[in-house]
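The values are calculated or read from the model by the stated rules, or taken from the named source; none is laboratory data. Just so we're clear, the structure is a prediction, and the values are computed from it rather than from any experiment. Using ideal geometry, Cβ is built from the backbone for each residue, glycine included, and neighbour counts are taken over all protein chains shown.
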Amino acid sequence: MESNEFKIGTKVEHPQFGTGIITKVTLTTYTVFFLNKGDKEIAVSFQGLKLVAPSNLSDEGGSGSGSGVSLQDLEKVFTNVLRRYADFPEIVELGDKWKKGLMILKPGDHTLKPKEIPVESFFHKVVMVRDRLRVLEQRINSNEALSDEEKVGLQQYITRCYGSLTTFNVLFKYKQQYFVGEKGEQE
């Protein structure tokens, strides 16, 4: 395969990391964004990289840079498209200050023993709830048996669930992954 076929925006398949998009090209490496693995540097000489779909970015301005779209913007778009249509789970990180932390649930009755839960385990459960709410949202939106009015009504309940879960935003590393309720949507 000609190395000039591998340019920014090209969809490739890696035997270990799966499908990804080339986001940067140098003389010796390709930077490929894999949804579940992030950015990986792949040597140009690596023979295992297979072309899935060629880039549709123009070569004007060198490697598509004349398009006015940054690589970070491309990553966000590709991530959102893959997440929406390929059912990939989002990688959600726990805030650094909570890593290796411990939740202690102390009963009001002092004769009972407190329950200790690793923060990572609790955070994983919170993220699972959020992911399931998102799947529910997608199924509501794609359900042809529901009227638009019914969809809006169900969406409002889901938005209220997100609002109830905003207490747990303190656990998230990145603000863009926070729960957002009705007030947050209006701003």
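Looking across region 1-38, not a single residue is charged (D, E, K, R), in contact with a Leu (Cβ under 9 Å, 6 or more places away or on another chain) and without any contact (Cβ under 8 Å) to a residue 24 or more places away in the chain. How many residues does region 137-158 contain that are under 20 Å from the mean Cα position of the chain (by Cα), surrounded by 15 or more Cβ atoms within 10 Å (Cβ to Cβ) and modelled with pLDDT of 90 or more? The qualifying residues number 0.
Among the residues of region 109-134, those identified as exposed (fewer than 11 other Cβ atoms within 10 Å of the Cβ), over 20 Å from GLY95 (Cα atoms) and of a type outside the set (Ser, Thr, Tyr) are ASP109, HIS110, LEU112, LYS113, PRO114, LYS115, ARG132. Do we find a residue being loosely packed, with under 14 Cβ neighbours inside 10 Å, at pLDDT 70 or above and part of a helix (DSSP H, G or I) anywhere in region 42-55? Taking every residue of region 42-55 in turn, none turns out to be loosely packed, with under 14 Cβ neighbours inside 10 Å, at pLDDT 70 or above and part of a helix (DSSP H, G or I).
Return yes when ASP109 is charged (D, E, K, R), at pLDDT 90 or above and either assigned by TED's automatic domain parsing to the domain that holds ASN169 or assigned to a loop (DSSP other than H, G, I, E, B) (or both) and no when it is not. In short, yes.
Reported count of residues in region 92-106, each being in contact with a helix residue (DSSP H, G or I) (Cβ under 9 Å, 6 or more places away or on another chain) and part of a loop (DSSP other than H, G, I, E, B), is 6. Do we have ILE21 as assigned to a loop (DSSP other than H, G, I, E, B), under 19 Å from PHE78 (Cβ atoms) and touching a helix residue (DSSP H, G or I) at 6+ places or on another chain (Cβ under 8 Å) here? No.
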